[in-house]
Amino acid sequence: MPRAGGLFVSLEGIDGSGKSTQARRLAEWLRARGRDPVLTREPGGAPGAEEIRRLLVEGDPDRWSPETEILLFTAARRDHLERTIRPALAQGRDVITDRFADSTRVYQGATRGDLRGLVDDIHARVIGIEPDLTLILDMEPEVALTRGLARRSGEDRFEEFGLPFQEKLRDGFRALAAEAPGRCVLIDASQDADSIAGAVATAVAARLG
Ligand code: TYD
């Protein structure tokens, strides 16, 4: 559903798949084309949502149940949508977000029991918007996990669930790409960063027309 104003793009993928780097490069690519993108992230992307982020990414892996997580991620997303995403799109600016609702569909909806129905219901009631384009960076969890934990950011709560969890996540993201082929583009993130950036630019250029 293309909007009149800016393009709404999300980047998704397992931990350590290089989304943040590619989100930054995409913002540069758009700026070089005279556009004025807003680069943002989830959980977070607005002051209140960043406070909720800390509750989610720090601490013990078993700190929250999947159901509680769905509510916290959605609370953060609603704030992000109200304060950052909608105002930017309304001004005609592009929005690039490092993660959006697909992360909840996969991390909370498909890894620790089947909670996809709950995720979809809550999404429909309080978020109700999808990106115009979702770039799913796909790669081997083993390689991605090494990169991710090597960073040791203090935000490793999900990475500490371990390799089988990351494998489930990868399958979940690939299934989503197959479920929504009009919105999602699967990108091979095992390539070098320049090749990935090229694939990202090609997908975005096709949407800009
Ligand atoms: P992020 O900052 O993207 O971490 P990374 O750079 O390691 O990929 O996201 C923080 C963590 O939150 C990440 O492990 C994924 C998780 N997450 C969910 O579980 N559900 C969600 O809805 C979102 C947005 C993130």
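The values are calculated or read from the model by the stated rules, or taken from the named source; none is laboratory data. As the structure is a computational prediction, the values presented were derived from the model and not from experiment. Heads up, the Cβs are rebuilt from the backbone with ideal geometry, glycines too, and the neighbour counts pull from every protein chain shown. All accessible areas refer to the heavy atoms of the entire protein, side chains included, with ligands and DNA or RNA removed. Shrake-Rupley method; radii C 1.70, N 1.55, O 1.52, S 1.80 Å.
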- Only one residue in 161, 173, 165 is aromatic (Phe, Trp, Tyr), open to solvent by 50 Å² or more (accessible area, probe 1.4 Å) and either without any contact (Cβ under 8 Å) to a residue 60 or more places away in the chain or over 17 Å from residue 23 (Cα atoms) (or both). Which one? 161
- When the range 153-167 is examined, which residues are found to be in a loop (DSSP other than H, G, I, E, B) and within 9 Å of the ligand (Cβ to nearest atom)? 153, 155, 156, 157, 158
- Task: With the condition kept exactly as written, say whether any residue in the range 183-205 is among the charged types (D, E, K, R), under 15 Å from the mean Cα position of the chain (by Cα) and open to solvent by less than 70 Å² (accessible area, probe 1.4 Å).
- Result: yes
- Report yes if residue 39 is surrounded by 14 or more Cβ atoms within 10 Å (Cβ to Cβ), touching a Phe, Trp or Tyr at 6+ places or on another chain (Cβ under 8 Å), at pLDDT 95 or above and not in a loop (DSSP other than H, G, I, E, B), otherwise no. no
- Meets criteria (of a type in the set (Lys, Arg), touching a strand residue (DSSP E or B) at 6+ places or on another chain (Cβ under 6 Å) and touching a residue at least 60 places away in the same chain (Cβ under 8 Å)) for residue 207: yes
- Query: Consider residue 30 against the criteria (1) touching a helix residue (DSSP H, G or I) at 6+ places or on another chain (Cβ under 9 Å); (2) open to solvent by 20 Å² or more (accessible area, probe 1.4 Å); (3) at pLDDT 95 or above; (4) more than 10 Å from the ligand (Cβ to nearest atom): it satisfies all of them except one. Which criterion is unmet?
  - Reply: (2)
- Item | Subset tally (residues that are within 11 Å of the chain's Cα centre (by Cα) and of a type in the set (D, E, K, R)) for the range 1-54 | 5
